[in-house]
């Protein structure tokens, strides 16, 4: 089931023809790693399980009167919040994709809407990888892309699997772009 959900979101968040410039091809794409949302998943599960537990407690102990109404309302609110949070987490996770093409690095966000940020290889000045100790254990990390003319990082690619692979691909594409344009 998760595979079919993933394919559905990939179809929704894939780059379309209008997103690409002429003669541009996608050479690599990735999503964030689920481990990055681990704590949020735990909160969502606890909200849903806690809500069901409160409801069952109210039924088994035969709480009555206003306390039963308050307990039921609180249970429903926690349950709905947990489900809504889970759906939001799912949309956020699958709605963010990173692409490398033969011309640029692209970050695409949104499932129902679309926002595209890109950096052309010839504009990139520096590419850095950062990994916390936990990220090193599960082989995930972030890539920071700096461009000329600014003090801030132009693009951050968050929580991706095997960031060294994307880092190497970006450096290779930068080198090809530099060789193509000449000194």
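The values are calculated or read from the model by the stated rules, or taken from the named source; none is laboratory data. What you see is a predicted model; the values in this text were computed from it and never measured. Because the Cβ atoms are built from the backbone with ideal geometry, glycine has one as well, and the counts that use them run over all protein chains shown.
Go through the residues of region 143-154 one by one and say whether even a single one is modelled with pLDDT under 95, assigned to a helix (DSSP H, G or I) and surrounded by 12 or more Cβ atoms within 10 Å (Cβ to Cβ).
So far as region 143-154 goes, no, none of its residues is modelled with pLDDT under 95, assigned to a helix (DSSP H, G or I) and surrounded by 12 or more Cβ atoms within 10 Å (Cβ to Cβ).
Taking residue 167 and the conditions (1) touching a residue at least 24 places away in the same chain (Cβ under 8 Å); (2) surrounded by fewer than 15 Cβ atoms within 10 Å (Cβ to Cβ); (3) in contact with a strand residue (DSSP E or B) (Cβ under 6 Å, 6 or more places away or on another chain), which numbered condition does it fall short on, given that it satisfies the others?
With respect to (1) touching a residue at least 24 places away in the same chain (Cβ under 8 Å); (2) surrounded by fewer than 15 Cβ atoms within 10 Å (Cβ to Cβ); (3) in contact with a strand residue (DSSP E or B) (Cβ under 6 Å, 6 or more places away or on another chain), residue 167 is out only on (2).
Just one of the numbered conditions (1) surrounded by 13 or more Cβ atoms within 10 Å (Cβ to Cβ); (2) at pLDDT below 95 is not true of residue 101; which one?
Status for residue 101: all satisfied but (2).
Give the residues of region 20-34 that are surrounded by 16 or more Cβ atoms within 10 Å (Cβ to Cβ) and under 19 Å from the mean Cα position of the chain (by Cα), sorted by residue number.
29, 30, 31, 32, 33
Check 43, 59 and return the single one that is in contact (Cβ under 8 Å) with a residue 12 or more places away in the chain and assigned to a helix (DSSP H, G or I). Can you show your working first?
On the way: 59 fails: in contact (Cβ under 8 Å) with a residue 12 or more places away in the chain.
Going through 43, 59 in turn, the sole match is 43.
I'm checking my understanding of the structure. Among residues of region 94-134 that are out of contact with any strand residue (DSSP E or B) (no Cβ under 7 Å at 6 or more places or on another chain) and in a helix (DSSP H, G or I), which one is nearest to residue 41 (Cα to Cα)?
Applying the filter and picking the extreme gives 134.
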